[in-house]
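Just so it is clear, none of the values below were taken in a lab; they were calculated from the coordinates. Because the structure is predicted, anything quoted here is derived from the model rather than measured. Counting neighbours? That spans all protein chains shown, and the Cβs are built from the backbone with ideal geometry, glycine included.
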Amino acid sequence: MRTLDIRRWAFTLSDQPDAWAKGFDDSSWRTVTVPHDWSVEQEFSQSFSSGTGYLPGGIGWYRAHVSLHELGELAAKHVRLVFHGVYKNAQVWVNGYHLGGRPSGYAEFSFDITEILSYANDGDLVVTVRVEHTDISDSRWYNGSGITRRVEIEVHEQVRLAEYGTAFTT
């Protein structure tokens, strides 16, 4: 298995309704390195005392541009996009295709992007993530807001163990 860490992302702390589209212009967004927590960049406020460590959440968008050449040979390969933690209510798109979402910020989640790669004729992938952390009291401790753990693309051989496919019983 080969992996490619996606560390450099364009980011904005605002709701951008069309940011999921591959051709969306994110050039005015700032560049961040993942893992990233936007809440710690905000001002403390008494109005956010219950569960968010006195810091606001909000809605943030992340976009990463990845060259398929960085992934190496992809013929007869199986490719997954893996998120090790996004807090919270994440929605994910690749090249404008909505892959799905994850409400919890604690669990790893992933998507099979093998088929989408066959449509990436220009050799580029645009990974887009919308994060919505608007609940003021959603935890008993500080969780942060954003892509709070690693993101990577995994390239597997076609013959492999299924994800979470091995189990022991006694």
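If Rh is defined by the Kirkwood formula over all Cα pairs and Rg also comes from Cα, what ratio Rg/Rh do you get for region 111-161?
1.12
Using every Cα-Cα pair within region 2-157, state what percent have a distance larger than 28 Å.
20
Return the Cα extents of region 54-104 along principal axes one, two and three, sorted largest first, each rounded to a whole Å.
48, 20, 18
To the nearest 500 deg cm²/dmol, what mean residue ellipticity at 222 nm is calculated for the chain from DSSP H runs of n ≥ 4 alone, each contributing -39,500 (n - 2.57), summed and divided by the residues?
For the chain, the value works out to -500 deg cm²/dmol.
Could you put Val127, Val40, Val155 in order, starting from the residue whose Cβ has the fewest other Cβ atoms within 10 Å?
Going from sparsest to densest Cβ surroundings: Val40, Val155, Val127.
With a cut-off of 8 Å between alpha carbons and a minimum separation of six or more residues, what is the relative contact order of the chain in percent?
Worked out over the chain, it gives 34 percent.
What is the order of Ile6, Ile136, Ile59, fewest Cβ neighbours within 10 Å to most?
Ascending number of Cβ neighbours within 10 Å: Ile136, Ile59, Ile6.
Please list, by residue number, everything in region 49-73 whose backbone N is under 19 Å from a paramagnetic label point 7 Å out along Cα→Cβ of Gln158.
72-73
What ranking of His133, His98, His84, His69 emerges when the number of other C-beta atoms within 10 Å of each C-beta is taken as an exposure proxy, fewest first?
Listed from fewest to most nearby Cβ atoms, that is His69, His98, His84, His133.
Go through region 33-48 residue by residue and turn each phi into a ³J(HN,Hα) via Karplus (6.51, -1.76, 1.60, θ = phi - 60°); whole Hz please, and just put x for glycine and proline.
10, 8, x, 9, 10, 7, 4, 5, 8, 9, 7, 5, 8, 4, 5, 10
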